[in-house]
Amino acid sequence: MTRPARQAAGGRPPRRAAEAPSRRVAPATAAGRPAEAPERPARLDRPSVVIVVPAVLALAAGLWDLGGPPPWRDEAATVSAAGRTLPQLAHLLQSVDAVHGLYYALMHVVAGVSGTAEVALRIPSVVAGALAAAGTGAIGRALGAPRAGLYGGALLALMPIFSRYVQEARPYAMTAAAAVGVTLLLLRLLRSPTSAVLAAYAAAVTVLAYLNLFAFLLVGAHGLAVILARGPLLRWACAAAPALAAVAPLAWLGSRQSAQVGWIPRPDAADVGGLAVQLSGDLGGATGPGVAPLTWALALFGLGYAVVVGVRRAHASRRTENPAENSADKPAEEPAAKRAEAPAEQRARTSATLVRLTLPWLLVPALVLLAASWAVHPVYVFRYVFCCVPAAALLAGAGLAALPPGLAAAVLTAWLGLSVPGQLATRGPDGRQDDPRPVMALLAAEAKPGDGLLFVPAKVRKYEAVYPSVLGRLRDVALARSPERDGSFPGREVGPRVLAARLGGLHTLWVVGHTGKNALPARRRALVARSFAPAGRWTFRGLFVDRYDLRPAHRSNGAGVGK
């Protein structure tokens, strides 16, 4: 029998003839595409897009008018610390700001390379912001939701509250980047809890805590995420325990310096409302509705989508496990149904995993810090939980990714429009707690070299490190020991008798202070009033300036104060 005859009689066809259709039909997906298609993901799902686009957006937003926001009092502390020698910095940390020691050490290196100009010291925060946005995209990709990661990273990069902390020389942008990196390591640990991954996780958590002690609360959120995911809890605990031991000395030293947070009030309902607004990307100021309502709407939609998909998956699983619901006369439809259910099951697993990760990250650190502030000692300030903002962005990104592409683009455009007032506000003169620039402009124009200068309170002296060309021309009449020698920010001040002697011979005295303490202490006020008369008062955002001129009687006889 010839080969064609054998084929016609039902014999085995040649291998080449059988393989051709099998490559076209058998590997088909539920969408009808060949199996090779998943090897080339959609353009928006590619790693180069998911990671690079948020990083570029964050860099652009961070560099936009980087020198515009005025340097406020905490940034003045960074300038003062970064400009000291290492022994002077160690002396400072023994008495204050030990919890920021790692950041000050990094800024000391930056200052040695590029100086202490505010823009130079803000650049590391901008870079950290780009890493945080890129890492948010990477988390979405690691969870199997690259589109959620792309949208989440882009939202984070363009949030006004994110720009607020990315554009300042403080450790909070670095803390956010470290929190994102630690969370990526957690995902790696859940997949492959090897000794190397556990060690890397422990080291990264330690660095996170040394950048911001309160960010260590993220470890509690990670523990809850591991429990919800039914992950290797014991191995995770073995990595968290040495990190806790490494952070304990810093926590002890920080508790001995708790006076530096003594100004923090006990939180109230307004703080809780402000937390909800700021976690969702807004500044919490008078900039209109901002992005907060839309961000929360997207986040809630993402949560709802995850619940719906999870319920459908559970219902499909029960129906598959119940043989009574499977019709015996439809055997040909079962493979197609199974193929159709596969993408839905994948979406369900991805959505559930994303929610289990982001919700603890978003809520646990903030709620624990609020509870501690109510029950034990007030320590809640939003910037201490700023590292939770990427979780809100990722959850909102998941909500965007669940929308049809056209609607997602429209919602994203509306969100960008709502973010503009906040972006402009954070770069304006009211974008920080205080604005020293008009104070310096006034002193540069009106004060003469050798005029007297008093600070109220003494910690306002930190601005001498920021504006040496202006304040260095004046005579700091109350200073007894410089901040560098004293191991502090305000330095050591003289007593009344020495101050009275130093006031002698001055013709003009300038007083610069915070508006919260808008007058000289009573003893100093009486001392100044002996020979000086008020000659002017200027109030700016967070700061005030008083001018005192020598009284005419003292000018005529040449008598000095205290004589």
**Request:** Among the helices (runs of 4 or more DSSP H) lying completely within segment 438-503, list those that include at least 2 residues that are within 16 Å of PRO71 (Cβ to Cβ).
**Result:** 463-466, 468-471
**Item:** Selection count where residues are buried (at least 18 other Cβ atoms within 10 Å of the Cβ), touching an Asp or Glu at 6+ places or on another chain (Cβ under 7 Å) and closer than 14 Å to PHE455 by Cβ, scope segment 476-508
**Value:** 2
**Prompt:** Out of all the residues in segment 152-175, is one or more touching a residue at least 24 places away in the same chain (Cβ under 8 Å), under 30 Å from LEU44 (Cα atoms), open to solvent by 20 Å² or more (accessible area, probe 1.4 Å) and touching a Gly at 6+ places or on another chain (Cβ under 8 Å)?
**Reply:** yes
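Within segment 55-96, restricting attention to residues that are in a loop (DSSP other than H, G, I, E, B) and of a type in the set (A, V, I, L, M), which residue is most open to solvent (accessible area, probe 1.4 Å)? Steps first, please.
Step one: of segment 55-96, the residues in a loop (DSSP other than H, G, I, E, B) are 64-72, 83-85, 94-96.
Imposing the further condition that a residue be of a type in the set (A, V, I, L, M) reduces the set to 66, 96.
Values: LEU66: 12, VAL96: 29 Å².
The qualifying residue most open to solvent (accessible area, probe 1.4 Å) is VAL96.
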**Request:** Taking only segment 431-445 into account, find how many residues are open to solvent by 10 Å² or more (accessible area, probe 1.4 Å) and under 20 Å from the mean Cα position of the chain (by Cα).
**Result:** 2
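Yes/no per residue for (1) modelled with pLDDT under 80; (2) open to solvent by 30 Å² or more (accessible area, probe 1.4 Å); (3) over 12 Å from SER351 (Cα atoms); (4) assigned to a helix (DSSP H, G or I):
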{"position": "GLN278", "(1), (2), (3), (4)": "no, yes, yes, yes"}
{"position": "PRO289", "(1), (2), (3), (4)": "yes, yes, yes, no"}
{"position": "LEU300", "(1), (2), (3), (4)": "no, yes, yes, yes"}
{"position": "VAL309", "(1), (2), (3), (4)": "yes, no, no, yes"}
{"position": "ARG318", "(1), (2), (3), (4)": "yes, yes, yes, yes"}
**Asked** Right, ALA465: within 30 Å of PRO289 (Cα to Cα), in contact (Cβ under 8 Å) with a residue 40 or more places away in the chain and under 35 Å from the mean Cα position of the chain (by Cα) or not?
**Response** no
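Determine whether segment 529-539 contains at least one residue that is in a strand (DSSP E or B), within 30 Å of ALA259 (Cα to Cα), touching a residue at least 40 places away in the same chain (Cβ under 8 Å) and β-branched (Val, Ile, Thr).
Keep residues of segment 529-539 that are in a strand (DSSP E or B), which gives 532-539.
Still in the running and within 30 Å of ALA259 (Cα to Cα): 539.
Right, trim to touching a residue at least 40 places away in the same chain (Cβ under 8 Å) and you get none.
No, segment 529-539 contains no residue that is in a strand (DSSP E or B), within 30 Å of ALA259 (Cα to Cα), touching a residue at least 40 places away in the same chain (Cβ under 8 Å) and β-branched (Val, Ile, Thr).
Does LEU217 satisfy the condition of being among the aliphatic types (A, V, I, L, M), at pLDDT 95 or above, open to solvent by 20 Å² or more (accessible area, probe 1.4 Å) and more than 25 Å from ALA98 (Cβ to Cβ)?
Working: among the aliphatic types (A, V, I, L, M): yes; at pLDDT 95 or above: yes; open to solvent by 20 Å² or more (accessible area, probe 1.4 Å): yes; more than 25 Å from ALA98 (Cβ to Cβ): no.
For LEU217, the condition - among the aliphatic types (A, V, I, L, M), at pLDDT 95 or above, open to solvent by 20 Å² or more (accessible area, probe 1.4 Å) and more than 25 Å from ALA98 (Cβ to Cβ) - is not met.
Those residues that are aliphatic (A, V, I, L, M), touching a residue at least 40 places away in the same chain (Cβ under 8 Å) and over 26 Å from LEU158 (Cβ atoms), I need them from segment 370-393; list them, please. If you could, list the steps in order and put the result at the bottom.
Taking segment 370-393 first, the residues aliphatic (A, V, I, L, M) are 370-372, 375-376, 379, 381, 385, 389, 391-393.
This time we only want the ones that are touching a residue at least 40 places away in the same chain (Cβ under 8 Å), so: 370, 379, 381, 385, 389, 392-393.
Once the filter is applied, which keeps residues that are aliphatic (A, V, I, L, M), touching a residue at least 40 places away in the same chain (Cβ under 8 Å) and over 26 Å from LEU158 (Cβ atoms), segment 370-393 yields LEU370, VAL379.
Residue by residue, here is whether (1) small (Gly, Ala, Ser); (2) closer than 19 Å to THR358 by Cβ; (3) part of a helix (DSSP H, G or I); (4) open to solvent by 10 Å² or more (accessible area, probe 1.4 Å) holds:
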| residue | (1), (2), (3), (4) |
| --- | --- |
| CYS388 | no, yes, yes, no |
| THR413 | no, no, yes, yes |
| SER419 | yes, no, yes, no |
| GLY428 | yes, no, no, yes |
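Please find, within segment 339-371, the residue that is most open to solvent (accessible area, probe 1.4 Å) out of those that are over 19 Å from VAL307 (Cα atoms) and modelled with pLDDT of 95 or more. Can you show your working first?
Let us first name the residues in segment 339-371 that are over 19 Å from VAL307 (Cα atoms), namely 339-340, 364-371.
Still in the running and modelled with pLDDT of 95 or more: 364-371.
Numbers: VAL364: 36, PRO365: 3, ALA366: 2, LEU367: 100, VAL368: 67, LEU369: 6, LEU370: 6, ALA371: 50 Å².
Ranking the qualifying residues of segment 339-371, first place goes to LEU367.
Being at negative phi, open to solvent by 10 Å² or more (accessible area, probe 1.4 Å) and among the basic types (Lys, Arg): is that true of ARG122 here?
Numbers: at negative phi: yes; open to solvent by 10 Å² or more (accessible area, probe 1.4 Å): no; among the basic types (Lys, Arg): yes.
Here the answer is no, as ARG122 does not meet what is asked.
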**Request:** Note down all Cβ pairs under 7 Å where the first residue falls in segment 247-261 and is surrounded by 15 or more Cβ atoms within 10 Å (Cβ to Cβ), the second is among the aromatic types (Phe, Trp, Tyr), and they're at least six residues apart or on different chains.
**Result:** VAL247/PHE216; LEU250/TYR210
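The values are calculated or read from the model by the stated rules, or taken from the named source; none is laboratory data. As the structure is a prediction and not an experimental result, all values here were calculated from the model. Cβ sites come from the backbone with ideal geometry, for glycine too, and all protein chains shown count toward neighbours. When the accessible area is computed, the model is the full protein with side chains, heavy atoms only, and any ligands, DNA or RNA have been set aside. Shrake-Rupley method; radii C 1.70, N 1.55, O 1.52, S 1.80 Å.
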